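The values are calculated or read from the model by the stated rules, or taken from the named source; none is laboratory data. What you see is a predicted model; the values in this text were computed from it and never measured. Don't worry about glycine lacking a Cβ; one is built from the backbone with ideal geometry, like all the others, and counts go over all protein chains shown.
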Amino acid sequence: MALYIVKRLIGMVVVVFLVLTIAFVIVRLAPGDPAALMLGPDATPEDAAELRARLGLDRPIVTQYLTFIAHAVQGDLGQSIFFRQPVTQVLASRAEPTIFLSLFSLAIALIIATPIGIYAAYRRGSFLDQGAITVAMLAASIPSFWTGLMFQRYLATDLGWFPASGYGGPDAGFLARMGYLVLPSIVLGIVNSALILRFTRASMLDILDEDYIRTARSKGMRESRVVLRHALKNAAIPIITVVGLTYALLVSGAVVTERVFNIPGMGNLVVSAVLRRDYPVIQGTLIVVASLYVLINLVTDLLYLAVDKRVRY
Amino acid sequence: MASTTAIAEEPGFFTLLISRRAVLVALSVFVVIVALCVLAPLIAPADPARMSVRARLTPPGTDFLLGADAFGRDVFARLLHAGRVSLTIGLGVAALASAIGITIGLAAGFFRRLDAPLSRLVDAMMAFPDILLAIALVSILGGSIVNVVLALSIVYAPRIARIVRASTLVIRELPYVEAAVALGSSTFTIMTTHVLRNILSPIIVQATFIFAYAMLAEAGLSFLGVGIDPSTPSWGIMINEGRQYIDQAAFLILFPGIAISVSVLALQLIGDGLRDALDPRLAKDL
């Protein structure tokens, strides 16, 4: 198992290195002078030359690449052109709402999807099963920003059940800030519940056909115990996989949801960075989010070992 | 004289595809949506860009079937013309992502030396959340329809590449490929005639899903204001423009939202149906 973990860590380092390379290449794909693009049409050639020198864009591409990699592995993702602060500092200041929005959404998605997925599998082919699949597919088909706008209009503005937008201002306490995340988390949770529901149902269907389930039933074990104790425990591995996979969906969803609800998180930051042509921030966000994805996948793989003792690498 | 036979014929692909009622309905709905959008100039002859101050925010009714937007433009005409853009982008991404993904996947699956580097590259590409990578690419390339298609194709190509690589690894070892090698067929012929032809089913299924995801992603990009030029209506742009007037005229975002959702739902159901019809082994109780 130690060998497996070492192999996975080496694989992770390779993928993170490629992530850094892709992030480097993306900014260099810009047609023309990236410095002139970042500064906009009003910039003078002198301004562009100054920015090129500041960002090291006037050096040979190989030198730029090596410097970029060397800085990135030390946690230096460059300077934001708009904020005039290190990118890591800008990202850290916007991380709180995005992290909590993602965590709350994941919790809501699991609360919605797991029991429905289990019950749909248990009542395979029933009206509820068909309904659950249809609703899950529908939830995955509706753009999250559209659901967000509708919920904001009717549940927040009309009924006043939730704050409509924002994050409570600079003086708001932690709980007040979290209150602003409730409605966005529900929206994102519903969208992400679709995938988890389908996976939970599919893995439960596999397990419910197993011999040991039949044996448990033939021993006279209570049905709730058979389903929750025997079946769910064994269906947990695929569910853990999909929870790892939903990270990418959660981040994608958070980008648009933060925009709908005007939450000052990393998603809102990256969209603003695009409009301001603040490429170091776009690049830094890509690196941080993708590296986290790689890390989460590693953790997911290792969690297999903890959940199912039969899994050996 | 024709002899009668008692042997039941295997149901054809199309019969299998439409044997599920949900797939039949989805296919019909999608055909209607495509027809409406293609025939937009005949069905909704009003100029989708023509403004009228007096018609501003007119609710749906006899004058304007689906109402008029903040500039007095006919929402029905805009919805159909916007659908052309959204569907074109979805189709374009499905085609280009498939082409890129097939090339990478075949190369990785067929040439052992390329497998590790290409597979790691695909892993790294898939580490980026789709909308975030698309935002970054569009911000760099610029917001034209071609660039959005290119950016989203780069985002979704790794999904195809992974499937093609896995299938190629299996097919490569089969006796008929060995026979083709022994007969002196060129590598290109083996890859296209013997391998690609036999792995088309999962590619078609995945391309259908990518069509749907690309439509959602394009709507997301347009909603965020980082997609195509706002002067070209797409369903995402219509929602973005309508959100300012959501309190007075919720219909402005209602109709494009329904259009996206119904199209994406139909495509997902068609994808499921294609999977079942093309390869029943892939139909995993869903």
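State which residue is farthest from B:Ser222 (Cα to Cα) when the search covers only the stretch B:244-263 and only residues that are facing chain A (nearest Cβ under 7 Å) and at pLDDT 90 or above.
My answer is B:Ser261.
Taking the stretch A:240-297 only, how many residues are within 18 Å of A:Pro143 (Cβ to Cβ) and among the charged types (D, E, K, R)?
Counting residues in the stretch A:240-297 that are within 18 Å of A:Pro143 (Cβ to Cβ) and among the charged types (D, E, K, R) gives 2.
Is it true that some residue in the stretch A:113-132 is in a helix (DSSP H, G or I), closer than 30 Å to A:Val288 by Cα, more than 14 Å from chain B (Cβ to nearest Cβ) and β-branched (Val, Ile, Thr)?
Yes, the conditions are met somewhere in the stretch A:113-132.
With the checklist (1) more than 21 Å from the chain's Cα centre (by Cα); (2) farther than 18 Å from A:Val255 by Cβ; (3) at pLDDT 90 or above; (4) not hydrophobic (A, V, I, L, M, F, W, C) in hand, flag the one item A:Gly131 doesn't pass.
For A:Gly131, the exception is condition (3).
Checking A:Tyr247 against (1) surrounded by fewer than 15 Cβ atoms within 10 Å (Cβ to Cβ); (2) of a type in the set (Ser, Thr, Tyr); (3) closer than 23 Å to A:Asn262 by Cα: exactly one of these is not met. Which one?
Failed condition: (1).
Give A:Met221, A:Met204, A:Met266 a once-over and let me know the one that is at pLDDT 90 or above and of a type outside the set (D, E, K, R). Spell out the reasoning first.
Values: A:Met221 fails: at pLDDT 90 or above; A:Met204 fails: at pLDDT 90 or above.
So the residue among A:Met221, A:Met204, A:Met266 that is at pLDDT 90 or above and of a type outside the set (D, E, K, R) is A:Met266.
One line per residue, one yes/no per condition, for (1) under 30 Å from B:Pro230 (Cα atoms); (2) surrounded by 18 or more Cβ atoms within 10 Å (Cβ to Cβ); (3) within 14 Å of chain A (Cβ to nearest Cβ):
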site	(1), (2), (3)
B:Val93	yes, yes, no
B:Gly109	no, yes, no
B:Pro117	no, no, yes
B:Ala124	no, yes, yes
B:Leu141	yes, yes, yes
B:Ser167	no, yes, no
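In the stretch B:218-260, what count of residues is obtained for those that are under 14 Å from B:Pro60 (Cβ atoms), of a type in the set (Val, Ile, Thr) and under 20 Å from the mean Cα position of the chain (by Cα)?
1
Residues of the stretch B:120-142 being in contact with a Pro (Cβ under 7 Å, 6 or more places away or on another chain) and touching a residue at least 40 places away in the same chain (Cβ under 8 Å), which ones? Talk me through it step by step, then tell me what you get.
Applying the first criterion (in contact with a Pro (Cβ under 7 Å, 6 or more places away or on another chain)) to the stretch B:120-142 yields B:122, B:125-126.
Within the stretch B:120-142, just B:Val122 meets the criteria.
Which one of these is more than 27 Å from A:Ala156 (Cβ to Cβ) and more than 9 Å from every other protein chain (Cβ to nearest Cβ): A:Ser224, A:Ser272? Show your work before the answer.
Values: A:Ser272 fails: more than 27 Å from A:Ala156 (Cβ to Cβ).
Going through A:Ser224, A:Ser272 in turn, just one is more than 27 Å from A:Ala156 (Cβ to Cβ) and more than 9 Å from every other protein chain (Cβ to nearest Cβ): A:Ser224.
Quick one: which of A:Asp33, A:Asp42, A:Asp47 is within 26 Å of B:Ala134 (Cα to Cα) and among the acidic types (Asp, Glu)? Explain how you work it out, then say what you get.
On the way: A:Asp42 fails: within 26 Å of B:Ala134 (Cα to Cα); A:Asp47 fails: within 26 Å of B:Ala134 (Cα to Cα).
Residue meeting the stated conditions: A:Asp33.
Criterion first (at positive phi, away from chain A (no Cβ under 12 Å) and without any contact (Cβ under 8 Å) to a residue 60 or more places away in the chain) does B:Gly225 satisfy it? It would help to see each step written out before you state the result.
Working: at positive phi: yes; away from chain A (no Cβ under 12 Å): no; without any contact (Cβ under 8 Å) to a residue 60 or more places away in the chain: yes.
Taking the combined requirement at face value, the residue does not satisfy it.
Could you give every pair whose Cβ atoms fall below 7 Å, whose first residue belongs to the stretch B:233-259 and is in a helix (DSSP H, G or I), and whose second residue is among the polar types (S, T, N, Q) and buried (at least 23 other Cβ atoms within 10 Å of the Cβ), counting only separations of at least 6 or pairs across chains?
Taking only residues 6 or more apart or on different chains, the pairs are B:Trp235/B:Ser86; B:Gly236/B:Ser222; B:Ile237/B:Ser222; B:Asn240/B:Ser222.
For (1) of a type in the set (Val, Ile, Thr); (2) surrounded by fewer than 23 Cβ atoms within 10 Å (Cβ to Cβ); (3) over 21 Å from B:Ala161 (Cα atoms), each residue gets a yes or a no:
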position: B:Glu178; (1), (2), (3): no, yes, yes
position: B:Thr193; (1), (2), (3): yes, yes, no
position: B:Asp229; (1), (2), (3): no, yes, yes
position: B:Gln244; (1), (2), (3): no, yes, yes
position: B:Gln248; (1), (2), (3): no, yes, yes
position: B:Ala259; (1), (2), (3): no, no, yes
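Given the structure, is B:Leu39 within 22 Å of B:Gln268 (Cβ to Cβ), within 24 Å of the chain's Cα centre (by Cα), at pLDDT 85 or above and of a type outside the set (Phe, Trp, Tyr)? Spell out how you get there, then give the answer.
Working: within 22 Å of B:Gln268 (Cβ to Cβ): no; within 24 Å of the chain's Cα centre (by Cα): yes; at pLDDT 85 or above: yes; of a type outside the set (Phe, Trp, Tyr): yes.
Criteria not met by B:Leu39.
If the requirement is being within 16 Å of A:Pro280 (Cα to Cα), in contact with a helix residue (DSSP H, G or I) (Cβ under 8 Å, 6 or more places away or on another chain), surrounded by fewer than 18 Cβ atoms within 10 Å (Cβ to Cβ) and modelled with pLDDT of 90 or more, which of these qualifies: A:Ile22, A:Ile69? Before you say what the answer is, go through the steps one by one.
Values: A:Ile22 fails: surrounded by fewer than 18 Cβ atoms within 10 Å (Cβ to Cβ).
Selected residue: A:Ile69, the only one of A:Ile22, A:Ile69 that is within 16 Å of A:Pro280 (Cα to Cα), in contact with a helix residue (DSSP H, G or I) (Cβ under 8 Å, 6 or more places away or on another chain), surrounded by fewer than 18 Cβ atoms within 10 Å (Cβ to Cβ) and modelled with pLDDT of 90 or more.
Across the stretch A:1-14, which residue is surrounded by the most Cβ atoms within 10 Å (Cβ to Cβ) among those that are touching a Leu at 6+ places or on another chain (Cβ under 9 Å) and aliphatic (A, V, I, L, M)?
Checking each candidate, the answer is A:Met12.
When the residues of the stretch B:143-165 are narrowed to those that are touching a residue at least 24 places away in the same chain (Cβ under 8 Å) and surrounded by fewer than 18 Cβ atoms within 10 Å (Cβ to Cβ), which ends up nearest to the other protein chains (Cβ to nearest Cβ)?
From the stretch B:143-165, those touching a residue at least 24 places away in the same chain (Cβ under 8 Å) are B:143-145, B:148-150, B:152-165; that's our starting set.
Remaining after also requiring surrounded by fewer than 18 Cβ atoms within 10 Å (Cβ to Cβ): B:144-145.
Values: B:Ser144: 12, B:Ile145: 17 Å.
Within the stretch B:143-165, the match that is nearest to the other protein chains (Cβ to nearest Cβ) is B:Ser144.
To keep it simple, each residue is scored yes or no on (1) without any contact (Cβ under 8 Å) to a residue 12 or more places away in the chain; (2) among the charged types (D, E, K, R).
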| site | (1), (2) |
| --- | --- |
| A:Arg8 | no, yes |
| A:Arg28 | no, yes |
| A:Ala36 | no, no |
| A:Leu39 | no, no |
| A:Thr44 | yes, no |
| A:Glu50 | yes, yes |
| A:Arg59 | yes, yes |
| A:Leu66 | yes, no |
| A:Gly75 | no, no |
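Quick one: would you say A:Leu175 is more than 12 Å from chain B (Cβ to nearest Cβ) and surrounded by fewer than 16 Cβ atoms within 10 Å (Cβ to Cβ)? Even if it seems obvious, please write down each step before you answer.
Numbers: more than 12 Å from chain B (Cβ to nearest Cβ): yes; surrounded by fewer than 16 Cβ atoms within 10 Å (Cβ to Cβ): yes.
Judged against the criteria, A:Leu175 is a match.
When you scan the stretch A:1-104 for helices (runs of 4 or more DSSP H) that lie fully inside it, which ones turn up with 3 or more residues that are away from chain B (no Cβ under 14 Å)? Reasoning before the result, please.
Details: elements: A:2-28, A:34-39, A:45-55, A:61-73.
Filter on the stretch A:1-104 gives A:2-28, A:45-55, A:61-73.
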